[in-house]
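Colleague: Handing you this structure, nothing more for now.
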Amino acid sequence: MEAKDKPSRLAVVQEAPRRWLTILGMLGPAYIWAAEYIGSGEVILSTRLGALFGFSIVWIAVWAIVLKAFIGYGGACYTTFTGEGMIDMIGRIPPGKWGVWLVGIAELAAGTISIGALITACSVFTNALLPFLSPVFWGWILSAIIIYLIWSGSIDRLKVIQTVMVAIMVIGVLYTGYRLIPSFGSLISGLFVMQIPQIPAWAAEKYKVTNPLRELVPILGWAGGGFASQCWYTYWTLGAGYGMARLGRQGKPADETLLKEMSVEDANRVKGWLRMVRADTLVASLIGVVVIIGFVSSGAGVLHVKQILPAGAAVALNVAEIFNFMFGKVGRYLFLLGAFAALFSTCLAAFTGWPRLLSDCARVLFPKLEKVSWEKQYRVWIIIFAFTNMVLVYTFHWRPVFLVQSAATLEGAFLIPVQGILVLLGLYYVLPKLFSPEVRKILRPGILVPLGITLAVSVYVYFSFARLIMGF
């Protein structure tokens, strides 16, 4: 067979499903994304937000998820069109590889603090369940367990157990939230009346909370995940095989020759996969919005009324007071168990996600590292984070909320606007250079994508600079 008669490699890119039932049945990244970010951002930060300000502040958490959905969708579009992840996209933005240097340094710091914050929060909930060991020892033990699980890859059965426990907690929170939302009018008001409230007198006096932005910016940072979550979403899109992602894999750049040879027919077939990406992004966002409304309203309906603010080493017992109020001691125990599962699940995702992200950064910045297998690089980062975890758990086990808020502010509020700008450059500067003029016209993002990302960048820049100017 002559070369011209050989079937194109793009022939393996199948037609995207068209029926909505088929699309919903094929969703994958949406559930992984939602499961990953329903952790400390919801269990601790959202509940604390409701406890402090009541239901009227739910808007900031919900709109954080909606705005980040545009950035996540934009990154997934790029991966669907090219077959490479977000870090490789950033590496193509000139001059040099400044974007990858920026991301690598920032995410090394953010990952260290974030993973330490998650493990510390998880250890506090474990101590509330099993108080015979201190949070410090539980933090070290949990780190060792996670390292074993992700090193060996034997986490499938554990994920099933965790899913059940998280489901118990989420269903309970949704039921509690439904019971405690004052009215439909209150829901609409909480979502669309965007006012920054004053700190209640009882919180200022008892818990020394003084500035509302100190509480709002962290939830803005981690509701719906931070910078890393949007980056990992492109990895999960690769794993799902949407469009050109079917031909790519993590740790490898796109095949530029193949992209240049893409025909108009191939481009239309690849673009059809955006139906899956849109459905994924919509479902993940809806799950997050519903769950976060439940947590905020639960905190508002129980803790705000009792003037209890989740804080310090007692944060687990403070939050569990919601289920104790609604369902008694058994409900309290189930909530602690479910909250532990949610936090532990997020720890697993973080411990596997950040080493992948940093391994990609190292590969792009130092091409000679390609001689070292991706698995070895990944495991080196795991060992580094294991060490930093031991230090952070020991240092901050009595201040888990502070550590979580710090991580959320750095990894979410400060880095999300940077990520939004990088995604815009990837879609409108990098992407057109990879295709022929005919294909370029077809694989052009819709107008809502740049508008949504620009709005997200503007909102996050405003709050981030407000936080800096106010001197927190």
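Colleague: Can you tell me the dipole magnitude for the chain around its Cα centre, using point charges on the Cβ only (Lys, Arg +1; Asp, Glu -1), in Debye to the nearest 20?
Modeller: 80 debye
Colleague: Oh, and also: Please compute the length gained on full extension between Thr22 and Ile196, using 0.36 nm multiplied by the number of residues separating them and subtracting their Cα-Cα distance.
Modeller: 58.4 nm
Colleague: With the dipole of segment 17-469 worked out from charges on the C-beta (+1 for Lys and Arg, -1 for Asp and Glu) around the Cα centre, which of Gly221, Leu118, Met86 lies farthest toward the positive end?
Modeller: Looking along the dipole axis, the top candidate is Met86.
Colleague: If the reach is capped at under 22 angstrom between alpha carbons, list the lysines near Lys260, excluding any in the same chain fewer than eight residues apart.
Modeller: Lys4, Lys6, Lys252, Lys271, Lys433, Lys441
Colleague: With a 10 Å Cβ neighbour count serving as the proxy for reagent exposure, in which order, fewest first, do Lys68, Lys368, Lys306 appear? List each step's numbers first, then the result.
Modeller: Working: Lys68 33, Lys368 7, Lys306 13.
Fewest to most other Cβ atoms nearby, the residues stand as Lys368, Lys306, Lys68.
Colleague: Efficiency by 1/(1 + (r/R0)^6): what FRET value for Ser189 and Lys329, r their Cβ-Cβ distance, R0 = 35 Å, to the nearest 0.05?
Modeller: Here the calculated transfer efficiency is 0.50.
Colleague: Hey, another quick one. Modelling each spin label as a point 7 Å along the Cα-to-Cβ direction, I'd like the Tyr31/Lys433 distance in nm, to one decimal.
Modeller: Simple spin-label model gives 3.9 nm for this pair.
Colleague: Another question, if that's okay. What list of ³J(HN,Hα) values in whole Hz, one per residue of segment 431-437 in order, does the Karplus curve 6.51 cos²θ - 1.76 cosθ + 1.60 (θ = phi - 60°) give from phi, with Gly and Pro shown as x?
Modeller: Per residue, the Karplus-derived 3J(HN,Hα) values read 4, x, 6, 8, 10, 5, x Hz.
Colleague: In µm²/s, what is D for segment 386-472 at 37 °C and 0.692 mPa s, where D = kT/(6 pi eta Rh) by Stokes-Einstein and Rh is the Kirkwood radius from Cα pairs? Before the final figure, lay out each step's value.
Modeller: Values: Rh = 15.9 Å.
D, rounded to a whole number, is 207 µm²/s.
Colleague: Quick one: plug the Kirkwood hydrodynamic radius of segment 17-469 (C-alpha pairs) into Stokes-Einstein at 25 °C, 0.890 mPa s, and report D in µm²/s.
Modeller: In µm²/s, the coefficient is 110.
Values in this text are rule-based calculations from the coordinates and carry no lab data. Computed from a predicted structure; not experimentally measured. Backbone-built Cβ (ideal geometry, glycine too); neighbour counts: all protein chains shown.
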